[in-house]
Amino acid sequence: MEKIDDLLEKYFRGETTLAEEQVLKQYFKTGQIQPAHEMYRPLFEAFEQELSVKASSPVHNNVSKKRNIKLLWIQTISFTGIAAALLLALWIIRPQETNDNYAVISGDRIEDTDFAQKYAEKKLNKVNDILINSMKPMQNIDKARQSLKQINKISETRDKIQEIQNKIQIK
Amino acid sequence: MDSSQFNNQILILSDKLFRLAKSILRNDMAAEDAVQELHLKLWEKRKTLDEVENISAFTFKSMRNLCLDLIRINKDEVELPPETEYDEINPYQQTEIKDMVTCIRNLIDNLPELQRTIIKMRDVEGFELSEIAFITNLTENAVTVNLSRARQKIREKILTEQKKVEQTIWKK
């Protein structure tokens with residue numbers, strides 16, 4: 001009893017520890033209370049009653065659900081926005097088409113490499129034929145040059161005859 | 001802090017937070033709204049909550065500050081200033097008091113906000129003095145003083161009522 005008296009005095013001075021307060025709570029909960037302490041029972045009962053006060057609406061998990069729906073909307077809008085921004089950015093800063101591997105044939109842009117190569121070969125062969133045909137007169141010129149070489153020899157022979165005649169006259 | 005940690009560390013305190021909010025705001029609906037509002041605010045800050053040492057004390061401190069802000073915003077709220085002393089329960093209230101437990105609960109509810117919060121934090125929720133000091137922004141010594149004052153007021157009331165009972169018996 002003295003122990004409880006001391007604890008009660010300490011309690012009202014605000015000096016009890018949680019463990020000591022637990023002793024008091026247990027004491028007043030048991031029902032075997034000294035008559036001198038009976039007047040304090042309602043105090044500890046009031047705390048017990050207070051502990052049973054609970055929120056009427058379940059607040060548990062409401063936040064998560066509420067936030068999840070809100071979050072879902074935010075995420076959807078955000079991702080849509082990001083995707084739109086990326087598309088716009090790609091459209092604005094898209095690399096210019098710099099495909100140099102094309103040919104223009106009769107004003108048409110041809111990107112088929114094989115076709116272009118064959119077409120070019122065909123045209124080059126044609127050019128080659130033209131050149132060969134064009135060079136034919138040049139071959140005749142060469143023949144004429146060969147013929148002229150003989151003429152040059154006549155001139156040399158004439159010079160030698162002249163030289164011999166000169167020598168004869170002197171004698 | 002992820003969703004599961006948030007549930008286990010903060011949402012689990014909902015009833016305790018409700019009791020604190022109700023004690024300060026003196027209104028069930030307003031208290032529930034305040035708890036919900038706090039949950040939303042803390043959820044938005046959940047990434048920074050990992051750095052908080054005592055999440056429970058931090059949550060209660062946030063709850064009290066939120067309720068006090070709500071009282072400041074709603075000037076109509078009948079709230080006693082922290083220094084206001086307890087007034088005797090009026091006759092209308094007295095008729096409603098059926099027993100001593102109800103009487104004491106009413107007495108606690110009519111204590112100044114600081115004393116009311118401190119006594120409930122300690123005697124109902126079982127917080128350490130250091131935690132209450134953190135929640136109320138006071139020193140531990142100041143908490144002890146306020147706790148003692150609150151308990152003494154209740155004791156005086158109990159003793160007064162006890163005397164009345166004894167006098168009634170004596171008269172008989």
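Every number here is computed from the coordinates shown, using simple stated rules; none is lab data. The model shown is predicted, which means the values in this text are computed figures rather than measured ones. Here the Cβ is made from the backbone with ideal geometry for all residues, glycine too, and neighbour counts use every protein chain on show.
Of note:
- Exceeding the 31 Å Cα-Cα cut-off - candidates A:K29/B:K41; A:K29/B:K16; A:K25/B:K47; A:K3/B:K61; B:K41/B:K153; A:K3/A:K54: A:K29/B:K41; A:K25/B:K47; A:K3/B:K61; B:K41/B:K153; A:K3/A:K54
- Projecting the Cα positions of B:A150, B:V124, B:T139 onto the charge dipole of segment B:103-172 (unit charges on Cβ atoms of Lys, Arg, Asp and Glu, taken about the Cα centre) puts B:A150 furthest along the positive direction.
- Footprinting exposure proxy ranking of B:C67, B:C103, fewest other C-beta atoms within 10 angstrom first, gives B:C103, B:C67.
- Cα-based equivalent ellipsoid of segment B:1-75: semi-axis lengths in Å, sorted from largest, via gyration tensor: 22, 12, 10
- Approximate spin-label separation B:T160-A:I105, in nm, with each point projected 7 Å along Cα-to-Cβ: 11.3
- Computed from phi, the 3J(HN,Hα) profile of segment A:153-159 under the Karplus parametrisation 6.51, -1.76, 1.60 (θ = phi - 60°) reads 5, 4, 4, 5, 4, 4, 4 Hz, with x in place of Gly and Pro.
- Separation of alpha-carbon centers, segment B:117-172 and segment B:19-39, rounded to whole Å: 23
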